[in-house]
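Visitor: Please find one structure pasted underneath; my questions will follow.
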Amino acid sequence: MTFTCLFEEGGRTRRLGPDDFPLALGGPGADVVVPGLAEEDAAAFLALDDGELFAQPRGRVPLSIGGRPVTASQWLRDGDELRLMGTRIRVVWRADRKSLQVQHRPLDQPAEPPSRVAPAGGEPPVAEGEVLVHPVPFRPRPLPLVTPRPERRLPLRALALALPAFLAAAVLFAARVVEVRVEPEPEGLSVRGLPHLGWGRTRLLLPGDYTVRAEREGYRPLEARLAVTGARGQVARFVLERLPGRVAVEARPAQGVRVFVDGAERGTTPLPPLEVAAGEHEVSLRAEGYRTLTTRLSVAGGGAEQTLKATLAPDRAPVSFTSAPAEATVSVDGAPVGRTPLTVTLSSGARAVTVTLAGHKPAGRTIDVVAERPLTVPVFRLEPLPGRLRLASDPPGAAVSVDGEFRGETPLEIAVSPQREHALRLTKAGHEPAQASVTLGLGEERALSLVLPARLGQVEVSAEPADAEVVVDGEAKGRVGQTLTLSAAPHEIEVRRSGYAPHRVTVTPRPDFPQAVKVRLRSLQEPKAASAPRLSVQGHDLRLLAPGRFQLGASRREPGRRANETLREVELQRPSYVSLREVTNAQFRRFHPAHSSGLFASHDLDGDAQPVVRVTWEQAAEYCNWLSAQAGLPPVYVSRGGKLAAAAPMGTGFRLPTEAEWSRAARSPEGGALKYPWGASLPVAPGSGNYADESARSVVPVVIQGYQDRFPVSSPVGTFPPNALGFFDLGGNVAEWVHDVYSIPAAGAPLEKDPAGPAAGDLHVILGSSYLQGTVTELRLSYRDYATKPRPDVGFRIARYAE
């Protein structure tokens, strides 16, 4: 705190700073001379403490403040007046000015006897009436900065004497006796922290944290935390850790010996002494070409040094390696040892050998080396690394065959045998094939792009009304009555006009073979089967099949025909409903919650939207009866001899479609003549359905080369476009149980009306191809199969007669 004041005396003013204090009143060199006092005597002192002024009497001359005698140090405040004999000092304390005003007045009382200060060399003779004053060093005793209350001032000397005794009593009351035990007994023990008393292992400690330090030869120095609580009778236990021993290893051979202590590797010789804990240990020494030496070692510890000497016995044999081709790198247990032909010395035991050569696949095997027994390893024949060929085509999506084997669609990266010529053939529907030959070196990578010229054919499109519009693959081509030049690939041709139902057909143009599409559009006002009512129940959408006459089976001249596809004529007289989609897992689980369609070749068949499979014909019939019960209809299937069979006559309850109904829905109303789901000829049109495509190569042995539907197993129902009547997946996805008991119809049979198959039998008919099938026989809509047990690729759809 900065302090400055003005000292005014007899008309002269002097500025005082903190360094000018204390002021001695009446002493030698004093700033304030008090009349009546000896020049060398000091009667009182004025001093500063933290910027505050206080007065302290000295000697026998009385000092008063405000008329009250002062016997001890006292703070001075604004307006206080000090009186010392005939001198008065007034304290003026202002924020901007602080001063001491001194005034000398005649003494109001007789002067006291003069006094002299005793000299340092002894006491002089004292005249009569004189008082001898002994000077003492000045020690200001500042008091707390509080407003003084003289009437309540405590005896400071008494407090100063009582305080240490009080503090000592408090410490003794709060301290706790703590016994510090260290094992083994230390040679030196200390406790650091708060001041405390101690004797031997016993300490008198205040609650708190301390540090215990202990030392003993042969042990690590201890430095640990000691937490003292308020509990009584505390015992703190510590344990000294014995120093490890130092073990020097002297082995023969002197270098390359791996040292293991208790199974942990500690280094390879030569190496400095090892620190090993005191006690019994297992030490193993291992070196290439030598027998492993294992011994027990007792380590004294405590920093003592000892030496382990050992000689390893040889344990090796010469081993010879060759390869074709030569100059291959040989590695034994991951470490290279040289190039073939090569003979090296190896230690006994099972050794893993790898032989590598640039441009070749690595070869390897495990050999057994027997000590002192030469070994010649059979020649390693290294297979050349294949070349990598990246194929592209214009247009993309061409099927690629290498040496007559299908390898995928462009763009494509394939591996081919190096250093020999390969024949490439790229094909795509509607384009001329592209061919090339290629020879790649060992591990060589090459990119190749081929162009497939388009093959074109002509299709004449005519229609009624004549102003209808023609659209090819979604692109408008103008009005009908024109001949279109199209690539020789399947195209969807749509003829449409406002106010008429559109007509769609798939056509595959052929070079030098013009084709024609003639259409009569039906007005939206005309009644037709396509606009027949639909029926919905439990998530199933069913469509009405109009009555009509058509043929079942196939001609004997049809490629792929089987003997059970007898060609015969049938007629549907009763209108019936057939579901647009196959029954899904989710729909079937409403009837049978525990059913699972499972997996096939690690692929899931159990998705909610996938068709239900692995159901028997009886389970499918039971599902139909359950649907009939939900709709309040009489069941179609009843129990006969422990088996389900159709009631006679069949009512309007739900059932499986008859073979005739399924064929009517699949082969469309064109006289039942549609051969494949997508049209009249191969190849399979892109996006036609879920068959055994390229993605199913890991699932089935035979796939449709060049066809890709992206589903190795079943797809969600309705994924692919419907047929002309709006039915989904009648070709592909899963084959389907139908109502009929299996039989082979007789050739030349008369017209059958509403046929439903034999009344009884163990086998039931399965129609349609599945995701596992892709041959010409299976892809045809007339293909018939049969079974008694469930299959992973057989599901069903539902039907019922109309009211």
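Residues checked against (1) within 30 Å of ARG504 (Cβ to Cβ); (2) acidic (Asp, Glu); (3) crowded, with 20+ Cβ neighbours inside 10 Å:
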| position | (1), (2), (3) |
| --- | --- |
| GLN587 | yes, no, yes |
| ASP604 | no, yes, no |
| ARG614 | no, no, no |
| PRO634 | no, no, no |
| ALA646 | no, no, yes |
| ALA680 | yes, no, no |
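Visitor: Could you tell me which of the residues ARG232, ARG266 is part of a strand (DSSP E or B) and of a type in the set (D, E, K, R)?
Guide: Result: ARG266 is the single residue among ARG232, ARG266 that is part of a strand (DSSP E or B) and of a type in the set (D, E, K, R).
Visitor: Another question about this same structure. Hey, could you check the range 42-56 for residues that are open to solvent by 30 Å² or more (accessible area, probe 1.4 Å) and within 17 Å of LEU100 (Cα to Cα) and say which is modelled with the lowest pLDDT?
Guide: So the residue we want is ASP49.
Visitor: Continuing with this model, one more query. Restricting to the range 728-757, give me the number of residues that are buried (at least 18 other Cβ atoms within 10 Å of the Cβ), on the phi > 0 side of the Ramachandran plot and out of contact with any Leu (no Cβ under 9 Å at 6 or more places or on another chain).
Guide: Looking only at that region, the number is 3.
Visitor: Those residues that are open to solvent by 20 Å² or more (accessible area, probe 1.4 Å) and among the aliphatic types (A, V, I, L, M), I need them from the range 544-585; list them, please.
Guide: Hits for the range 544-585 are LEU544, ALA546, ALA563, LEU567.
Visitor: Pull up the range 480-505, narrow it to residues that are among the hydroxyl-bearing types (Ser, Thr, Tyr) and in a strand (DSSP E or B), then point me to the one that is surrounded by the most Cβ atoms within 10 Å (Cβ to Cβ).
Guide: So the residue we want is TYR500.
Visitor: Search the range 386-412 for residues being open to solvent by 50 Å² or more (accessible area, probe 1.4 Å) and within 15 Å of GLU694 (Cβ to Cβ), and hand back the single one that is farthest from the chain's Cα centre (by Cα).
Guide: GLU405
Visitor: When MET650 is evaluated against the numbered criteria (1) part of a loop (DSSP other than H, G, I, E, B); (2) of a type in the set (A, V, I, L, M); (3) crowded, with 20+ Cβ neighbours inside 10 Å, which criterion, by number, is the only one it fails?
Guide: The failed condition is (3).
Visitor: Check SER462, SER449 and return the single one that is assigned to a strand (DSSP E or B), more than 29 Å from SER681 (Cα to Cα) and among the small types (Gly, Ala, Ser).
Guide: Selected residue: SER449, the only one of SER462, SER449 that is assigned to a strand (DSSP E or B), more than 29 Å from SER681 (Cα to Cα) and among the small types (Gly, Ala, Ser).
Visitor: Looking at LEU763, LEU725, LEU772, which is the one that is among the aliphatic types (A, V, I, L, M), within 42 Å of the chain's Cα centre (by Cα) and open to solvent by 20 Å² or more (accessible area, probe 1.4 Å)?
Guide: Unique residue meeting the criteria: LEU772.
Visitor: Here is a check on your reading of the model: is GLY457 open to solvent by 30 Å² or more (accessible area, probe 1.4 Å) and out of contact with any His (no Cβ under 8 Å at 6 or more places or on another chain)?
Guide: It is false that GLY457 is open to solvent by 30 Å² or more (accessible area, probe 1.4 Å) and out of contact with any His (no Cβ under 8 Å at 6 or more places or on another chain).
Visitor: Hey, could you check the range 259-278 for residues that are farther than 20 Å from LEU243 by Cβ and among the β-branched types (Val, Ile, Thr) and say which is surrounded by the most Cβ atoms within 10 Å (Cβ to Cβ)?
Guide: If we take residues in the range 259-278 being farther than 20 Å from LEU243 by Cβ and among the β-branched types (Val, Ile, Thr), then VAL259 is surrounded by the most Cβ atoms within 10 Å (Cβ to Cβ).
Visitor: Here's a follow-up. Kindly provide the set of residues from the range 65-93 that are under 15 Å from GLN103 (Cβ atoms), surrounded by fewer than 20 Cβ atoms within 10 Å (Cβ to Cβ) and out of contact with any Phe, Trp or Tyr (no Cβ under 9 Å at 6 or more places or on another chain), ordered by number.
Guide: Within the range 65-93, GLU81, ARG83, GLY86, ARG88, ARG90, VAL92 meet the criteria.
Visitor: Ok, one more. Report the residue count in the range 326-348 for those that are open to solvent by 30 Å² or more (accessible area, probe 1.4 Å) and under 46 Å from the mean Cα position of the chain (by Cα).
Guide: Residues that pass the stated criteria total 9.
Visitor: With the requirement that a residue be without any contact (Cβ under 8 Å) to a residue 40 or more places away in the chain, in contact with a helix residue (DSSP H, G or I) (Cβ under 9 Å, 6 or more places away or on another chain) and open to solvent by 10 Å² or more (accessible area, probe 1.4 Å), what does the range 682-714 give you?
Guide: Hit for the range 682-714 is ARG710, nothing else.
The values are calculated or read from the model by the stated rules, or taken from the named source; none is laboratory data. Computed from a predicted structure; not experimentally measured. Here the Cβ is made from the backbone with ideal geometry for all residues, glycine too, and neighbour counts use every protein chain on show. All accessible areas refer to the heavy atoms of the entire protein, side chains included, with ligands and DNA or RNA removed. Shrake-Rupley method; radii C 1.70, N 1.55, O 1.52, S 1.80 Å.
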